[in-house]
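To keep things clear, I will list the structure first and then write my remarks on it.
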Amino acid sequence: MKKDLLSIYDLEKAAFGEIFERAKSLKKMLTYGEHHTPLRGKTLGMIFEKSSTRTRLSFEVGMHQLGGTAIFLSKRDIQLGRGETVADTASIMSRYLDGILLRTFSQELVDEFARHATVPVINGLTDLLHPCQILGDLFTIIEKKGEYDGLKIAYIGDGNNVANSWINAAARLPFQFTLACPAGYDPDEAILERGMKEGNVNLYRNPSDAAKDADVIYTDVWASMGQEDEHEERVEVFKDYQVNGALVSYAKDDAIVMHCLPAHRGEEITDEVIDSPRSVVVDQAENRLHVQKAIMEMLM
């Protein structure tokens, strides 16, 4: 039976450990120059409706390092953009490929693609979820803190796809997750309600309440792709939600700061913080590569 990665919530707790242990081994192999090519002869198709730096690089380079080939496909490169059904596209692509990655707007499209594909489907990002990002982030937290059990992770800003996936992770794993979002910019209602019921998730309006005694401070851009026309309005709404030195002072003395990038410096985070010794954003970005290699190896 084929396996997909569409949402972190779909993973059993044991699967998290398997992914992180494999990522650790793969990172060590790469560090010591050991060649490991279990996907030799296999091909990953990558459908991108949204632009990307880290997602494209990490999957494409990761597939190459595992011995396989990655093919980049924008929506204008395939018939999906000209009216071919998702079912037909998924069925036919499955005959050519060994795995399919989608980075798109609609979670429903990814879910439908997975229903009709006969090869593994990976969610590289939708407007609702960003599971691979959070898996890489959790791996980074393990590296920096030793574990995530019992930690307090505070997310400051927009209740977007990253926030939704963090909530899904908190519903599965034993860490505390607090959010500070302006009214009207909360995470998905159903995901938030489930996270509060099944995990240790709390929502605040005051950023300092969420950040108090946190082990990790996390933020993301205030206007995601597709929301560019809301940028000026959001800058005004979110102005008190900036991750700066004053806000970080509410966290623990050894707290780390994370950002999934790209960062709009001077908006959601200051140079003072993102360039400080607390910041792990570069390691965080690198770890997308190692974790996604583990995911591809396990699925494909």
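Every read-out reported here was derived from the displayed coordinates using simple, explicitly stated rules and does not represent laboratory data. Note that this is a predicted model, so its numbers are computed, not measured. Positions of Cβ are generated from backbone atoms using ideal geometry, with glycine treated the same way; all protein chains shown enter the neighbour counts.
Under 5 Å from the amide H of residue 101 lie the amide H atoms of 45, 46, 47, 122, each residue being 5 or more positions distant or on a separate chain, with H modelled from the backbone and absent for Pro and chain starts. Charged neighbours of residue 253, selected by a Cβ distance under 12 Å, balance to -1 (K, R count +1; D, E count -1). Rounded to whole numbers, the Karplus 3J(HN,Hα) couplings from phi for the range 259-267 are 8, 6, 6, x, 9, 9, 4, x, 9 Hz, using 6.51 cos²θ - 1.76 cosθ + 1.60 with θ = phi - 60°, and x at Gly and Pro.
For the range 243-253, putting each phi into the Karplus relation 6.51 cos²θ - 1.76 cosθ + 1.60 with θ = phi - 60° gives couplings of 7, 10, x, 5, 5, 4, 5, 6, 7, 5, 4 Hz, in residue order, rounded to whole numbers and with x for Gly and Pro. For the range 1-51, the set of chymotrypsin sites (Phe, Trp or Tyr not before Pro) satisfying both a DSSP loop assignment and a count of at most 14 other C-beta atoms within 10 Å is given as 32.
Exposed loop sites here are GluC sites (Glu not before Pro) assigned a DSSP state other than H, G, I, E or B and surrounded by at most 12 other beta carbons within 10 Å; excluding them, the longest clear run of the chain is 148-300. Computed over the range 221-279, relative contact order equals 43 percent, with contacts defined as Cα pairs under 8 Å that lie 6+ residues apart. Going 7 Å from the Cα of residue 252 toward and past its Cβ, which residues in the range 164-178 have a backbone nitrogen under 15 Å from where you end up? Only 174-178 fall inside the zone, counting backbone N under 15 Å.
Sites listed here are trypsin sites (Lys or Arg not before Pro) in the range 27-68 whose DSSP assignment is loop and whose Cβ has at most 11 other Cβ atoms within 10 Å: 40. Taking a straight Cα-Cα cut-off under 20 Å and skipping sequence neighbours fewer than 8 places away in the same chain, the aspartates and glutamates within cross-link reach of residue 24 are 12, 34, 60, 137, 143, 147, 149, 283, 286, 297. For the pairs 2/27; 50/197; 197/252; 144/239; 3/75, note any where the Cα-Cα span goes beyond 31 Å. Too far apart for the 31 Å limit: 50/197. Amide H to amide H distances under 5 Å link residue 222 with 268, where only residues 5 or more positions off or on other chains count and H is placed in the peptide plane. For the pair residue 149 and residue 190, label points projected 7 Å from Cα toward Cβ lie 3.3 nm apart.
Averaging sequence separations of C-alpha pairs under 8 Å and six or more residues apart, then dividing by the length of the range 115-198, give the relative contact order as a whole percent.
Result for the range 115-198 is 29 percent.
Amide H to amide H, with H built 1.01 Å from N, residue 130 comes under 5 Å of 165, counting only residues 5 or more places away or on other chains.
Each residue of the range 25-36 was assigned a 3J(HN,Hα) from its phi angle through the Karplus expression (A = 6.51, B = -1.76, C = 1.60, θ = phi - 60°), giving 5, 5, 5, 5, 4, 5, 4, 9, x, 7, 7, 9 Hz with x at Gly and Pro. Summing Lys and Arg as +1 and Asp and Glu as -1 over all other residues whose Cβ lies under 13 Å from the Cβ of residue 110 gives a net charge of -4. A cut-off under 13 angstrom between Cβ atoms defines the neighbours of residue 71, and their net charge, with Lys, Arg +1 and Asp, Glu -1, is -1. If you average the alpha carbon positions of the range 149-171 and of the range 253-285, how far apart do those two centres end up, in angstrom? Using only Cα atoms to place each centre, the spacing works out to 16 Å. Normalising the average separation of contacting C-alpha pairs (under 8 angstrom, six or more residues apart) by the number of residues puts the relative contact order of the range 54-206 at 15 percent.
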